[in-house]
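Report on the following structure.
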């Protein structure tokens with residue numbers, strides 16, 4: 001009996017020591033080391049890739065935003081938001097959902113539409129989106145042709161929160177943005193060119209334009 005108690009006590013002691021050591025190593029030292037390396041080498045990304053303007057955080061370079069006009073009736077959940085055409089617009093976000101479980105918070109849920117290529121609803125969305133892009137971006141002296149509308153202007157990304165658009169979609173919006181803000185077309189086109197990023201490492205992904213950073217530059221140009 002005494003031997004059994006001693007063995008049990010020995011095993012419990014070893015288990016408690018292992019728990020203590022692993023708690024310190026995995027719960028304290030390792031997270032501190034990873035956090036220190038991340039802050040030292042990739043501080044901006046570790047903090048959420050925040051984008052700051054005017055001394056305050058206005059978003060993240062990794063998460064897309066919408067640029068809509070205020071709702072006419074804020075209490076109407078069915079009112080469709082209309083884009084504020086003074087700004088460069090992001091990709092559509094048809095895949096976003098609404099929090100329906102925890103009603104304490106008003107949250108948007110990221111997601112894709114998950115529709116087949118021949119789905120009737122998806123076809124209708126794309127058709128309506130293309131017509132809206134043509135109508136919104138056609139200004140006096142500059143008519144947008146339907147065949148000039150790129151795919152990312154009428155389709156949402158897998159997350160619904162893509163922060164980037166293609167250079168083709170950004171250039172398509174230049175005349176409308178210039179006209180709405182009273183700026184020269186050449187100046188607005190220069191903003192697009194300055195904020196166009198190439199492929200990562202020269203071969204991964206596609207050229208892209210971050211909409212948030214481009215609109216910050218536009219606001220600064222408009223203020224100037």
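The values are calculated or read from the model by the stated rules, or taken from the named source; none is laboratory data. Predicted model, so just to flag it, every value in this text is computed and none were measured. So basically every Cβ, Gly included, is an ideal-geometry build from the backbone, and we count neighbours across all protein chains shown.
Can you find a residue in segment 101-108 that is modelled with pLDDT of 85 or more, out of contact with any helix residue (DSSP H, G or I) (no Cβ under 8 Å at 6 or more places or on another chain) and either assigned by TED's automatic domain parsing to the domain that holds residue 219 or not in a loop (DSSP other than H, G, I, E, B) (or both)? Scanning segment 101-108 turns up no residue that is modelled with pLDDT of 85 or more, out of contact with any helix residue (DSSP H, G or I) (no Cβ under 8 Å at 6 or more places or on another chain) and either assigned by TED's automatic domain parsing to the domain that holds residue 219 or not in a loop (DSSP other than H, G, I, E, B) (or both). Residues of segment 53-89 that are at pLDDT 85 or above and surrounded by fewer than 11 Cβ atoms within 10 Å (Cβ to Cβ): 56, 70. Can you confirm whether residue 175 is under 26 Å from residue 62 (Cβ atoms) and modelled with pLDDT of 95 or more? It is false that residue 175 is under 26 Å from residue 62 (Cβ atoms) and modelled with pLDDT of 95 or more. Checked against the criterion of being outside any loop (DSSP other than H, G, I, E, B) and modelled with pLDDT under 95, the candidates 209, 126 yield just one match: 126.
Looking only at segment 58-80, count every residue that is over 27 Å from residue 33 (Cα atoms) and outside any loop (DSSP other than H, G, I, E, B) and tell me the total. Residues flagged as over 27 Å from residue 33 (Cα atoms) and outside any loop (DSSP other than H, G, I, E, B) within segment 58-80 amount to 3. Take the conditions buried (at least 17 other Cβ atoms within 10 Å of the Cβ) and in the same structural domain as residue 68 (by TED's automatic domain parsing) and apply them to residue 201. Does it pass? No; evaluated as a whole, the condition is false for this residue.
Residue-wise test of (1) assigned to a helix (DSSP H, G or I); (2) closer than 22 Å to residue 122 by Cβ; (3) touching a residue at least 40 places away in the same chain (Cβ under 8 Å).
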site	(1), (2), (3)
136	yes, yes, yes
147	yes, yes, no
158	no, yes, yes
161	no, yes, yes
202	no, no, no
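Annotation for segment 125-132: no member residue is on the phi > 0 side of the Ramachandran plot and over 18 Å from the mean Cα position of the chain (by Cα).
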